[in-house]
Amino acid sequence: MTRLQTLGNRVGTQASKIPVAQPGSWRNDKATSGQRGYTYAWQKASKAFILANPLCVMCDALGRVTATALVDHIQPHRGDMTLFWDRANWQPLCTYCHSSVKQREEAGRL
Ligand SMILES: [Zn+2]
């Protein structure tokens, strides 16, 4: 009886260790937007960039005056943090121009 109880405790301890040892759990967290670089720091930096560059550059080139909605990466960073934070790679765009840029990028990839 006492032997079975001891064994029972050991099995219980090992079973409780299994979820901790699973390597998949931390990988799930990596898929968050924060892990891709879109952190609070990015939100602050992009907001400041938009304030400094209030007009969409693509609209401006066409003689249109449109307010900047977001910061676009001219060269897609694809998770490259150097490219992500390189302000020379940033451009202020309105949502319309941003979606047209993304469409062109995707067309170029095909
Ligand atoms: Zn625009």
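Read-outs throughout are calculated quantities, based only on the coordinates presented, and are distinct from any laboratory measurement. Note that the structure is a prediction, hence the values are computed from the model and not measured. Because the Cβ atoms are built from the backbone with ideal geometry, glycine has one as well, and the counts that use them run over all protein chains shown.
Taking the convex hull of the Cα atoms, report for the stretch 37-110 its projected area averaged over all directions, in nm². Across all orientations, the stretch 37-110 yields a mean hull projection of 5.0 nm². Given their separation in residues at 0.36 nm each and the Cα-Cα distance between them, Ala69 and Arg87 gain 4.8 nm when the chain is fully extended.
A cut-off of 5 Å between modelled amide H atoms, ignoring neighbours fewer than 5 places along the same chain, links Asp72 with Gln91, Leu93.
Model label points for Ala45 and Asp80, set 7 angstrom from Cα along the Cα-to-Cβ axis, are 1.5 nm apart.
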